[in-house]
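Structure first, commentary second.
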């Protein structure tokens, strides 16, 4: 279970990075309450994960937190 949580956390962090990079494009394309578009990201374990793998299977949470000791 811990391994699955770690994978989900990595996917979520990568999703935040991708969404941040595309924020100007997504801001005009998506409205509040819209479903998130499917995306694929490679995690640090080398595997590629997609949002569609988890939708309907378990809750998907995208969370961001600053790296330790960065002051952010």
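Bear in mind that the values in this text are calculations on the coordinates, not laboratory data. These figures come from a predicted structure and were not determined experimentally. When we count neighbours, we look across all protein chains shown, and the Cβ atoms used for this are built from the backbone with ideal geometry, even at glycine.
Take 8-17, 33-42, 46-55 and order them by the average number of nearby Cβ atoms within 10 Å per residue, most first; the result is 8-17, 46-55, 33-42. Label positions at residue 34 and residue 53, each projected 7 Å from the Cα along the C-beta direction, are separated by 2.5 nm.
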